[in-house]
Amino acid sequence: MMLYQDRLSALINVFALHAILLAGIRHVASHIQHEPYLYVTAVIALGFKGFVIPIALRRMIVRLGIHREIETVVGIGPTMLAGIALVALPWW
């Protein structure tokens, strides 16, 4: 989702969503594996990466007056293909 976003606010929202989903996955893994330390990492990921960092980034955008789109060097198509290739590379 981050590869085709062209606005800073949308990128921050996707970043926060990713962190929330990651914390949920850690919570489920800790429940299945009966490992209490994974709960701690889930709370830390949810707190900092899911809320603190996105809020700080939004405040910086407002403070600096940056309300524009991100200029892309390459189009969305090649960017998505490169992202797919980078994800597939470890499987190969």
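The values are calculated or read from the model by the stated rules, or taken from the named source; none is laboratory data. Fair warning: this is a prediction, and the values are worked out from it, not measured in the lab. With ideal geometry, Cβ positions are generated from the backbone for all residues, glycine too; neighbour counts draw on all protein chains shown. Just so you know, the surface numbers come from the protein's heavy atoms only, side chains and all, with ligands and any DNA or RNA stripped out. Shrake-Rupley method; radii C 1.70, N 1.55, O 1.52, S 1.80 Å.
Per-residue counts of other Cβ atoms within 10 Å, averaged by peptide: what ranking do you get for 74-87, 8-21, highest first?
The packing order, highest mean first, is 8-21, 74-87.
Taking 25 Å as R0, compute the FRET efficiency from the Cβ-Cβ separation of Glu71 and Tyr39 and round it to 0.05.
Efficiency computed from Cβ-Cβ geometry: 0.05.
In the chain, carbon and sulfur make up what percent of the accessible area (probe 1.4 Å)?
72
Starting with the highest mean, order 55-62, 23-30 by the number of other Cβ atoms within 10 Å, averaged over the residues of each peptide.
Those peptides, ordered most packed to least, come out 23-30, 55-62.
What FRET efficiency comes out for the pair Phe48/Leu81, r = Cβ-Cβ distance, R0 = 25 Å, nearest 0.05?
0.15
State the label only: which of (i) 1.08; (ii) 1.01; (iii) 1.16 corresponds to Rg/Rh (Cα atoms, Kirkwood Rh) computed from the shown model?
Working out Rg/Rh (Cα atoms, Kirkwood Rh) from the coordinates points to (i).
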